[in-house]
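Right, one structure below, let's go through it.
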Amino acid sequence: MKNRVRLRVMDVDGEKYLWSYNYDDMDFYNYPYSYYLFVPENNKKLKVRVYFTRYSPNMNIDAYSDEGTPCFYGEEKIILNLCRPFFARQILDYVFNNLCSKSDVGEINIKDGDNILYELGYRDFD
């Protein structure tokens, strides 16, 4: 499983979250399969994973590459790269505003990350 080895820190409205984007580039059976891991810094008893099965991760790119998957955001054609903090922030905001609370405990696995992308306005990314 590839990941960023360490969790990165993101500040969202004064709250800190740890996050990483992970995929297994050797798992051909489940490809494309990837997920975000989000952990509120002040509640490490909560681990939220958001899984994607239709978005194809770009296997050989770094976090800040301009490469990614072409898609539409509304009417605008963009490059979707879930390794980038911009996209992680959008998913994190959606998850903690609509699906769970940062005060929850345990492990939460959200299997419909692709639907979250659609809810956020992304289209034609597969």
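The values are calculated or read from the model by the stated rules, or taken from the named source; none is laboratory data. Everything quoted here is computed from the prediction, not taken from an experiment. In this analysis, Cβ positions are derived from the backbone assuming ideal geometry, glycine residues included, and neighbour counts consider all displayed protein chains. To get the accessible areas, we keep the full protein, side chains included, count just its heavy atoms, and leave off ligands, DNA and RNA. Shrake-Rupley method; radii C 1.70, N 1.55, O 1.52, S 1.80 Å.
When both residues are 6+ apart or on different chains and their Cβ atoms are under 9 Å apart, which pairs have a first residue that lies in the range 74-85 and is more than 16 Å from Leu37 (Cα to Cα) and open to solvent by 10 Å² or more (accessible area, probe 1.4 Å), and a second that is assigned to a strand (DSSP E or B) and basic (Lys, Arg)?
From the range 74-85, the pairs are Gly74/Arg123.
Would you check which residues across the range 108-126 are over 18 Å from Tyr17 (Cα atoms) and either part of a helix (DSSP H, G or I) or open to solvent by less than 30 Å² (accessible area, probe 1.4 Å) (or both) and list them?
The first filter runs over the range 108-126 and keeps only residues over 18 Å from Tyr17 (Cα atoms), leaving 111-126.
Residues satisfying the conditions are Gly113, Asp114, Asn115, Ile116, Leu117, Tyr118, Glu119, Gly121, Tyr122, Phe125.
Can you name the condition, by its number, that Val105 falls short on among (1) open to solvent by 40 Å² or more (accessible area, probe 1.4 Å); (2) out of contact with any Asp or Glu (no Cβ under 9 Å at 6 or more places or on another chain); (3) at pLDDT below 95?
The number of the failed condition is (3).
Those residues that are among the aliphatic types (A, V, I, L, M) and modelled with pLDDT under 85, I need them from the range 14-45; list them, please. Give the steps one after another, and end with the answer.
Step one: list which residues in the range 14-45 are among the aliphatic types (A, V, I, L, M), which gives 18, 26, 37, 39.
Across the range 14-45, the qualifying residue is only Met26.
Which condition from (1) under 19 Å from Ile116 (Cα atoms); (2) in contact with a helix residue (DSSP H, G or I) (Cβ under 7 Å, 6 or more places away or on another chain); (3) at pLDDT 75 or above is the one that Glu76 breaks?
Tallying (1) under 19 Å from Ile116 (Cα atoms); (2) in contact with a helix residue (DSSP H, G or I) (Cβ under 7 Å, 6 or more places away or on another chain); (3) at pLDDT 75 or above, Glu76 fails exactly one: (2).
Please work out if Val95 is assigned to a strand (DSSP E or B), of a type in the set (A, V, I, L, M, F, W, C) and modelled with pLDDT of 95 or more. First the steps, then the outcome.
On the way: assigned to a strand (DSSP E or B): no; of a type in the set (A, V, I, L, M, F, W, C): yes; modelled with pLDDT of 95 or more: yes.
No.
Read through the list (1) within 24 Å of Asn109 (Cβ to Cβ); (2) at pLDDT 90 or above; (3) of a type in the set (Phe, Trp, Tyr), then give the number of the only condition that Tyr55 fails.
(2)
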